[in-house]
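Worksheet: the structure to be examined is printed underneath.
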Amino acid sequence: MNIIHLSAECYPVAKAGGLADVVGSLPKYMRNNDVDAKVVMPKYATEWVQEHEFETIFEGDTPLGEGQFHYKIQREKEDSLGFPLYLVDIPERFDRPGIYIDPYSGHGYWDELERYLSFQLASLDWLHYSEEDPDLLHCHDHHTALVPFIITRCYRYRGMENIPTVLTVHNAEYQGEYDREVYSLLPSFNLSEVGLLDWDGKFNCLAAGIKCCWKITTVSPSYMEELSQNGDLSLLYHAERHKSVGILNGIDTEVWNPKTDPYLEKNYTLKTHRKSKLENKEALCDQFDLNPEYPLISYIGRLAREKGADLLPDLFSHFLGSEQSVNFMLLGTGDRGLHERFRQMNSRFVGFFDAALDYNESLAHLIYAASDFIIMPSRVEPCGLNQMYSMRYGTVPIVRKVGGLKDTVKDIGEEDGYGITFYDFTHHAAADAIQRSLSLYEDSKGMNSVRKTIMRLDFSWKTSANKYLELYRELIND
């Protein structure tokens, strides 16, 4: 079974969010089930790419609108990720700093559509005119969502229309919307079918993929339900529910393993977690001038509205301005206004709060191990991986019951519960959840029991990979 994953991200090659973690893990687990899973992605100018060797296995020219472009398909020589990795090298499209965002302006690149359309076209050209012969194409998010339309409607790719396509929606907030006229950039197709590219008067990549793919998956069952009830594309998701399924993401338990994690001050297991988590906490607190005797609540992630990051400044300040002894730690980048607010808090709450406004993979691992709690007050959370990482490291999640957070965290107030949850996206509800976490921290016996419970939970890809395998087999047999 030859499965091709088409994605804009893949950890550790290029990462902006959870998409990269999924694409960097799922193929590896699929290969354990004798599936020939491969990843195809753009060749960015990342440090990882520059440090690894590639060989060109194919090159060609393909149309883009009235012009054409040259591309190369390059394979990583060592297969160091545990699966074959192919990079699409398109001059002047991806050899830039940043993945989606220009770090100098803080805005997305002006030619986003041309970048990801050329990536999709080059990938399909290679697959069509080489001997790769995929059994199924697995597309991820709007950056690759035009593939199902292109292979079934564009004349250039006749012969590929019977290849099954799966479209996984990792984050429906980003749809790839443009003016309707950009359809002219696509290879020729019957213009009577141009409506497949349209949603609400816009050229919409994600909508086109949802309409044309064989199967839609989302990264948690609850997120699938939420998409059909709310949002810009809710009517479309509802109409296509017969071909939709929610499959919860897993995590790479080899990368996220407190026993072997190279980024930790002290590695640990379930049996040794009490002493060793404290050593990691002391190391982190020493680095950021915090008191390790106080409970540590951390946030890791994008400083974006959908993540609920705008709730954090006032929420943290509420507790930092009180007489309660608590530390807060934050790691992430995003909204510039939030950057400034957190910088002010760095100066105001010295010794009790620190915001590392950066992307730092090694620091993230240490924070997961050192923290007592991880907070995720998301407005929208398709799946969420941070809560799974934190529990793997014995760190209790404080989460809003939405999307995948609802599917993975059970409140301690329920039978067999092991996390802190809240429903409403309000300061009051989040503050109450933090207060409950501080009460749990004071109950050392209860806290230790919860830590043991969450470290025993299995969030590996094993179960989810089997569900994808069943899905692949069903589509290929059809």
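The values are calculated or read from the model by the stated rules, or taken from the named source; none is laboratory data. From a predicted model like this one, the values you see are computed outputs, not experimental measurements. In this analysis, Cβ positions are derived from the backbone assuming ideal geometry, glycine residues included, and neighbour counts consider all displayed protein chains.
Quick one: Arg343 ticks every box in (1) under 22 Å from Phe425 (Cβ atoms); (2) at pLDDT 95 or above; (3) under 29 Å from the mean Cα position of the chain (by Cα) except a single one, so which number is it?
Here Arg343 meets the rest and fails (1).
Look through region 1-39, keep the residues that are over 17 Å from the mean Cα position of the chain (by Cα) and closer than 13 Å to Cys139 by Cβ, and return whichever of them is surrounded by the most Cβ atoms within 10 Å (Cβ to Cβ).
Ranking the candidates gives Ile3 first.
Just to check your reading of the model, which residue among Glu132, Glu181, Glu173, Glu161 is surrounded by fewer than 23 Cβ atoms within 10 Å (Cβ to Cβ) and assigned to a helix (DSSP H, G or I)?
Every option except Glu181 fails the conditions.
Pull out all pairs, ordered by first then second residue, where Cβ-Cβ is under 7 Å, the residues are six or more apart or on different chains, the first lies in region 67-91 and is closer than 16 Å to Pro27 by Cβ and assigned by TED's automatic domain parsing to the domain that holds Glu132, and the second is of a type in the set (Phe, Trp, Tyr) and surrounded by fewer than 19 Cβ atoms within 10 Å (Cβ to Cβ).
Hits for this filter: Arg75/Phe54; Glu76/Phe54; Leu87/Phe54.
Can you find even one residue in region 90-110 that is out of contact with any Pro (no Cβ under 6 Å at 6 or more places or on another chain) and closer than 26 Å to Asn32 by Cβ?
Step one: of region 90-110, the residues out of contact with any Pro (no Cβ under 6 Å at 6 or more places or on another chain) are 90-93, 95-96, 98-102, 104-110.
Of the ones still in play, those that are also closer than 26 Å to Asn32 by Cβ are none.
Within region 90-110, none of the residues are out of contact with any Pro (no Cβ under 6 Å at 6 or more places or on another chain) and closer than 26 Å to Asn32 by Cβ.
I'm told Lys275 meets every condition in (1) within 25 Å of the chain's Cα centre (by Cα); (2) not in a strand (DSSP E or B) except one. Can you identify the failing condition by its number?
Of everything listed in (1) within 25 Å of the chain's Cα centre (by Cα); (2) not in a strand (DSSP E or B), Lys275 misses just condition (1).
Examine region 389-406 for a residue that is within 20 Å of Leu270 (Cα to Cα), in contact (Cβ under 8 Å) with a residue 12 or more places away in the chain and among the small types (Gly, Ala, Ser), and state whether such a residue exists. Reasoning before the result, please.
Narrowing region 389-406 to residues within 20 Å of Leu270 (Cα to Cα): 389-397.
If we keep only those that are in contact (Cβ under 8 Å) with a residue 12 or more places away in the chain as well, we get 389-397.
Next cut, among the small types (Gly, Ala, Ser) only: 390, 394.
The answer is yes; a qualifying residue exists.
Consider region 364-383. How many of its residues are of a type outside the set (Phe, Trp, Tyr), crowded, with 19+ Cβ neighbours inside 10 Å and either in contact with a Lys or Arg (Cβ under 9 Å, 6 or more places away or on another chain) or without any contact (Cβ under 8 Å) to a residue 60 or more places away in the chain (or both)?
Result for region 364-383: 9.
Specify the residue that is farthest from the chain's Cα centre (by Cα); the eligible residues are those in region 124-143 that are modelled with pLDDT under 95 and of a type in the set (D, E, K, R).
Among those that are modelled with pLDDT under 95 and of a type in the set (D, E, K, R), it is Glu131.
Does region 394-402 contain any residue that is hydroxyl-bearing (Ser, Thr, Tyr) and over 29 Å from Lys259 (Cβ atoms)?
Pass one, region 394-402, residues hydroxyl-bearing (Ser, Thr, Tyr): 395.
Now restrict to residues that are over 29 Å from Lys259 (Cβ atoms): none.
There is no residue in region 394-402 that is hydroxyl-bearing (Ser, Thr, Tyr) and over 29 Å from Lys259 (Cβ atoms).
Return yes or no: is Val326 more than 27 Å from the chain's Cα centre (by Cα) and β-branched (Val, Ile, Thr)?
yes
Among the candidates Lys277, Lys271, Lys266, which residue alone is surrounded by 20 or more Cβ atoms within 10 Å (Cβ to Cβ) and not hydrophobic (A, V, I, L, M, F, W, C)?
None of the others qualify; the one that does is Lys277.
Output the qualifying pairs, or none if there are none: Cβ atoms under 6 angstrom, residues six or more apart or on different chains, first residue in region 10-23 and of a type outside the set (A, V, I, L, M, F, W, C), second residue assigned to a helix (DSSP H, G or I).
Here the result reads Tyr11/Ala20; Tyr11/Asp21; Tyr11/Gly24; Pro12/Trp48, each pair linking region 10-23 to a residue that is assigned to a helix (DSSP H, G or I).
So how many residues does region 38-55 have that are more than 12 Å from Cys10 (Cβ to Cβ) and either of a type outside the set (Phe, Trp, Tyr) or not assigned by TED's automatic domain parsing to the domain that holds Val166 (or both)?
Selection size over region 38-55: 7.
Find the residue count for region 338-357, including only residues that are surrounded by 19 or more Cβ atoms within 10 Å (Cβ to Cβ) and on the phi > 0 side of the Ramachandran plot.
Final tally of qualifying residues: 0.
Does Leu363 qualify as being hydrophobic (A, V, I, L, M, F, W, C), under 23 Å from the mean Cα position of the chain (by Cα) and assigned by TED's automatic domain parsing to the domain that holds Leu136?
Here the answer is no, as Leu363 does not meet what is asked.
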